[in-house]
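Below is one structure, written out as structure tokens; comments come after it.
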Amino acid sequence: MQNTSNIFPPVNQADSDGFLCYSRELNPDLILEAYRNAIFPWPYDNKHVLWFSPPYRCIFEFEHLHIPKSTPREFRRAGFTLSVNQHFEKVIRHCATVPRQDGGTWIIPKLIKAYTETFHRGYAMSFETLDADGNLVGGMYGIRIGRFFAGESMFRLCDGASKFALLKGIEYLAANHGSTWLDAQVVNPFLTQLGAQEITRAQYLRKLRGTLAD
């Protein structure tokens, strides 16, 4: 199964790392077209944006979510509460400061601007973890198109805050938008311990097409 974009090349032209093409522009129209076709941006520098469609994609099937028994107790002790779309730009800017293995970040000012514009169009969301005093201590942001949601990045300023944003975000998406799965893009140990799994690009495209068609 292939993408049907009039802007991006067919995803089967991506290399073994998933790199598909590059552009100088990054704006809401490109972002939404990309996500509708199993592609996501990864800014390389201030001039170039790389576009990827990896051969494998990490997703959460909500029915297979694994929540350790100690997690609800951990959240109650911390006094966390959830807010939604109240601090989008703060969340994305916090995510830009999360330490990366290469010492850099793909969340550069160009990306922050484009995703904030996408948020104001109603196609990006943030899930925010607040502590007992109402301070922002964690969060996740991503793209939502109908029932489809792709998580972009998370941050935490205290233990458990990003996990709270993710799990409560999943609850919110299921209850308010009828979502049944979430695109987590790249697998890591934190995600797999919560039940995330990798699927092939072809499997991902089938799920995406079915979700966007609903």
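Computed from the coordinates by the stated procedures, all read-outs in this text should not be read as laboratory data. Just so it is clear, the model here is predicted, and its values are computed rather than measured.
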Where does the chain land at 222 nm, in deg cm²/dmol rounded to the nearest 500, when only DSSP H runs of n ≥ 4 count, each adding -39500 (n - 2.57), divided by all residues?
-9500 deg cm²/dmol
Row for the range 58-199, column shape: gyration tensor on C-alpha, a ≥ b ≥ c, rounded if a/c < 1.5 i.e. under 1.5, prolate if a/b over b/c, else oblate; value rounded
For the chain, compute the number of Lys pairs whose alpha carbons are separated by less than 25 Å, excluding pairs fewer than 8 positions apart on the same chain.
11
Rounded to the nearest 5, the percent of DSSP beta bridges in the chain running antiparallel is 95 percent
